[in-house]
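Have a look at the structure below, then the notes.
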Amino acid sequence: MTDSSLPDGERRPANLSLPDGERRPANVEELRRHGPNLCEAALRVHADKVTDELAAERDRWSKGFTRRRLVQGAGFVGVAALGAQLVTSRVSFAAPGDGPNTLIVIFLRGGMDGLSVVAPGDDPNYKQLRPTIAVPMAAMMPAGRGFGLNPAMTALYPLWQSGKMAAAVAVASPDASRSHFQAQDALERGAASVAVRTGWLDRVLSKLGPGTTFRAIAQGSALPRSLVGGEQAIVLNGMRDFRIDNDNMRTQTMDALKTLYTGLDHPLATTAGSTLQAISTAQKLATTQYRPVEGVQYPGGGLADRLRDIAQLLKAGVGLRVAALDVGGWDMHTNLGRVDGGDMKNSLTNLSEAIGAFCTDIGPLLENTTIITMSEFGRRVQENGNAGVDHGHGNAMLLFGGGLNGGKVHGNWPGLAPSALDQGDVAGANDYRDILAEMLKKRFNVADSAAIFPNHDFKTLGVFKG
């Protein structure tokens, strides 16, 4: 508001009162005394100014005054920017509501070698084409149909035996290239056409309808392509990173934010209110020492820490519907290794122990949870000269949770005979969209598969019950 907008050209007082008779900060050094950092200090001073100006304007104007008129200009934009800086995570501003099931998508970036994870042990071509790195039949954990699970997945085998784990083989997108970027982009959009701009998980959220602030989260430092779109999601790099800086002075800053936004007639007012709600909820969780159920010990590392955060959110009942996690390190051109050592053993052990701990930790909540691993493509069948494998096509997906036809390997299997390969790779005999669409229909009541994965003819593979 300019001075000319005041009644009869009246000018605004140069120094409105501050608590305890303080004057406005004249420089940066004086500003620092109002908060633990410049951002929060500026927000608090501005909140005091708004409070004082409201009182002064109420004295001047007997009618016609609205809060919106006071802050609809550039000053409000500055305050909104300050508020955004206080939160280190992007926030979901959905309406209240909740649903029964949760989807967790773990994207294994780099192109996981499915033949090392769900190995076709009884295919004679497997050992012939991989004389160094093939998983020995004797070391595999039996999975049926001539397949075996890598022994590095020992922590997951109880889930397999109890029907809470399944696998699908020869899974691919018929349109995906052997380029990491292009293949990841196609899978996360859920369509090969670049005309489809949103991510498939964003479209899922749209179909699921409104939910709580914590309806969707991405564990990491950036929003994954699968969640890009109109639906909002929190990007959370650890529960304790979602906070206002400086625990001892947080109350003052929260009060300042409430002062600025409460009752505001502006589109961003709802956003601000949800931000405050998210901060409050996250802070309660962040300041509570989380203890997994007795006997569960998460391994070290980023994946385990992020799954532990998700377990805490699930148990807190904050309305989590979708979570997306990334795990890198699967581009094993060299040193893939044998079952007794190497990059595959290390990565697969970490993945398995983290997922195994999570599933045990959430206990009965696993029945209402679905976990899916995805990767942009598989690897070539024949090993290369560096005891590794190069970019391929067909791959394996791992699935965990309730409602599965578990303890089984699903999908058409073309085999590894030379005539069955796709340019030396496992053929993509099963479209990943069929598995995801079946999961959405049977677990989340999202029957409009074409709205999620456009221009695709769907087939049911029987991975899920019902």
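The values are calculated or read from the model by the stated rules, or taken from the named source; none is laboratory data. Just so you know, these numbers come straight off a predicted model, no measurement behind them. Ideal geometry is used to build each Cβ from the backbone, glycine not excepted, and the neighbour counts take in all protein chains shown. To get the accessible areas, we keep the full protein, side chains included, count just its heavy atoms, and leave off ligands, DNA and RNA. Shrake-Rupley method; radii C 1.70, N 1.55, O 1.52, S 1.80 Å.
Leaving out ligands and nucleic acids, note down the accessible area per residue over the range 96-228 with a 1.4 angstrom probe, in whole Å².
Using a 1.4 Å probe on heavy atoms only, each residue of the range 96-228 averages 35 Å².
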I need the calculated FRET efficiency for the pair Gln423 and Asp305, taking r as the beta carbon distance and R₀ as 35 Å, to the nearest 0.05. 0.35
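Figure the gain on full extension for Asn412 and Arg178 (residue separation times 0.36 nm, minus the Cα-Cα span) and round it to one decimal in nm. Don't skip to the end; give the middle numbers.
Details: separation 234, 0.36 × 234 = 84.24 nm, distance 2.16 nm.
Value of the extension gain: 82.1 nm.
I need the semi-axes of the equivalent ellipsoid of the range 308-453: take the C-alpha gyration tensor, multiply each eigenvalue by 5, square-root it, list largest first in whole angstrom.
Working: eigenvalues 182, 93, 31 Å².
Calculated on Cα positions only, the semi-axes equal 30, 22, 12 Å.
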Where only protein heavy atoms count, and the probe is 1.4 Å, what is the accessible area per residue for the range 382-444 in Å²? 32
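Show me 328-336, 105-113 ranked by packing, highest mean number of other Cβ atoms within 10 Å first.
On the way: 328-336: 17.3, 105-113: 24.2.
The most tightly packed comes first, giving 105-113, 328-336.
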Using the charge dipole of the range 93-189 (Lys, Arg: +1 at Cβ; Asp, Glu: -1 at Cβ; taken about the Cα centre), state which of Gln161, Gly144, Asn125 has its Cα farthest towards the positive end. Asn125
Please give the contour-minus-distance gain from Ala451 to Asn335: 0.36 nm per residue of separation, less the Cα-Cα distance, rounded to one decimal in nm. 37.6 nm
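Here is the link list: Lys315/Lys442; Lys345/Lys465; Lys207/Lys442; Lys164/Lys459. Which ones come out longer than 26 Å on Cα distance?
Values: Lys315/Lys442 23 Å; Lys345/Lys465 32 Å; Lys207/Lys442 14 Å; Lys164/Lys459 23 Å.
Where the Cα-Cα span goes over 26 Å, the pairs concerned are Lys345/Lys465.
Net charge near Arg145: determine it from the other residues with C-beta under 14 Å of the C-beta of Arg145, scoring Lys and Arg +1 and Asp and Glu -1. Provide the component values of the computation, followed by the final result.
Values: positive: Lys408; negative: Asp122, Asp123.
Neighbourhood net charge equals -1.
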Taking 7 Å along the Cα-to-C-beta vector as the label spot, tell me the Leu365-Lys207 distance in nanometres, rounded to one decimal. 2.5
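Expressed as a whole percentage, what fraction of the accessible surface of the range 301-447 belongs to carbon and sulfur atoms when a 1.4 Å probe is rolled over the protein heavy atoms?
Values: 2020 of 4730 Å².
Taking all protein chains in place, the range 301-447 shows 43 percent carbon and sulfur surface.
Can you give the Kirkwood hydrodynamic radius of the range 188-243 from its Cα pairs, in Å with one decimal?
On the way: mean 1/r = 0.0839 Å⁻¹.
Radius from the Kirkwood sum: 11.9 Å.
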With each pseudo-label sitting 7 Å past Cα toward Cβ, what's the Asn405-Ser193 distance in nm, one decimal? 3.1
